[in-house]
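A.B. asks: Structure in structure tokens, see below.
The values are calculated or read from the model by the stated rules, or taken from the named source; none is laboratory data. For clarity, every value in this text was computed on a predicted model and none was experimentally measured. Heads up, the Cβs are rebuilt from the backbone with ideal geometry, glycines too, and the neighbour counts pull from every protein chain shown. Accessible surface is based on the protein model in full, side chains and every heavy atom, while ligands, DNA and RNA are left aside. Shrake-Rupley method; radii C 1.70, N 1.55, O 1.52, S 1.80 Å.
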Amino acid sequence: MIPIRRIMYFKERMINEAVMSNVISKPHLPSANQQPLTKLSIVTLRWSAFLLVTTVWISAALFGLYILAFYAAALYEGDTNRWNEVLPGLYEQGSVTTTSGIGLHFATGGIILLLGSIQLVDNIRLRFPTWHRWIGRIYVISSLLAALGGLLFILLKGTIGGLVMDLGFGLYGVLMLVAAIETYRHAVALRFEKHRAWALRLYALAIGSWLYRMDYGFWLLLTDGLGHTQQFTGVFDQIMFFFFYLPNLLVVEAFIRARDYQASSTVKLAASFVLLLATTFLLVGTYYFTLYYWGPAIVKWLPLS
């Protein structure tokens, strides 16, 4: 006979396992007090993301037009000396390879800012999937060419800021290459969640050149160029070699993880706050840059002007 104590042991073990299985298998439902906070966090995240995406769409599109109007137009008109007005050392007479590399970088950079903004619009992606796929192919190819053009320029000539700037901008180009390849690879494999995540990372990198100028504009305005030198060797310059794209990736990662259904209300609200801060910064920057820099160049470029 089996001892009664042993029977009771197995019975208690089975009950405990059943209870644990039940707890693990059933999702935790928010209490009545938690439900309003949960709804608030979801709505806040949704609207803060919408505001940021809309602001980025408009601002990046304007900057993309500016890039085409200023850099690409100068290349087309044969007046590439104008590039040096913005960043000294970009153009060097007689250096066909480096000029071609940086020219390719600027031309495709303007294209990816315009096309990337279109790819973020859900209505276009859902209602016109064929257009989304073809625009996506052009977008990825342009991203690859922009990265390769920039890397070619760095390898052959180097940047004005020296080794640290070479490393910062070189890492930026490598990350863009990786993001473009991963975006395409996951799309072809029909892994759409991973595809969308990498597409967001790619766009966060693509807008880096736009934020680079915006960050400098604010810094020069507020500090009168503290830590900046004409040769881009100051303390602020060296920070900016990495700052213009790494924070973008952090914001995107926060957004991607906050979208996860398992993220807590606190995480969602914190992510919303970060997104709203970024939106405010971009709105102010877009207004002033369009008024004083981008707008005049675009208007001058238009056929009717």
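A.B. asks: Suppose we filter Val252, Val284, Val235 for residues that are at pLDDT 80 or above and crowded, with 17+ Cβ neighbours inside 10 Å; which single one remains? Walk me through how you get there before you give the answer.
C.D. replies: Working: Val284 fails: crowded, with 17+ Cβ neighbours inside 10 Å; Val235 fails: crowded, with 17+ Cβ neighbours inside 10 Å.
The match here is Val252.
A.B. asks: If I ask for residues that are β-branched (Val, Ile, Thr) and either touching a Leu at 6+ places or on another chain (Cβ under 9 Å) or under 22 Å from Ile67 (Cβ atoms) (or both), which ones from the stretch 212-257 would you list? Walk me through how you get there before you give the answer.
C.D. replies: Within the stretch 212-257, the first condition is being β-branched (Val, Ile, Thr), and the residues that meet it are 223, 229, 233, 235, 239, 251-252, 256.
Correct list: Val235, Val251, Val252, Ile256.
A.B. asks: Going by the structure shown, is Leu220 surrounded by 14 or more Cβ atoms within 10 Å (Cβ to Cβ) and not aromatic (Phe, Trp, Tyr)?
C.D. replies: No.
A.B. asks: A further question follows. Does the stretch 155-164 hold any residues that are open to solvent by less than 50 Å² (accessible area, probe 1.4 Å), among the aliphatic types (A, V, I, L, M) and touching a helix residue (DSSP H, G or I) at 6+ places or on another chain (Cβ under 8 Å), and which are they?
C.D. replies: Applying the first criterion (open to solvent by less than 50 Å² (accessible area, probe 1.4 Å)) to the stretch 155-164 yields 158-162.
With among the aliphatic types (A, V, I, L, M) added as a condition, the list becomes 160.
Answer for the stretch 155-164, where residues must be open to solvent by less than 50 Å² (accessible area, probe 1.4 Å), among the aliphatic types (A, V, I, L, M) and touching a helix residue (DSSP H, G or I) at 6+ places or on another chain (Cβ under 8 Å): there is none.
Per-residue answers, yes or no, for (1) modelled with pLDDT of 90 or more; (2) crowded, with 22+ Cβ neighbours inside 10 Å; (3) not in a helix (DSSP H, G or I):
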| position | (1), (2), (3) |
| --- | --- |
| Ile112 | no, yes, no |
| Ile118 | no, no, no |
| Arg137 | yes, no, no |
| Asp166 | yes, no, no |
| Leu171 | yes, no, no |
| Ala179 | yes, yes, no |
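A.B. asks: A further question follows. What are the pairs, 6+ residues apart or on separate chains, where a residue within the stretch 225-236 that is over 17 Å from Asp166 (Cβ atoms) has its Cβ under 6 Å from a residue that is outside any loop (DSSP other than H, G, I, E, B)?
C.D. replies: Gly227/Val235; Gly227/Phe236; His228/Phe236; His228/Asp237
A.B. asks: Please work out which one of (1) more than 22 Å from Arg46 (Cβ to Cβ); (2) free of Cβ contacts under 8 Å to residues at least 12 places away in the same chain is the condition Tyr216 fails and give its number.
C.D. replies: (2)
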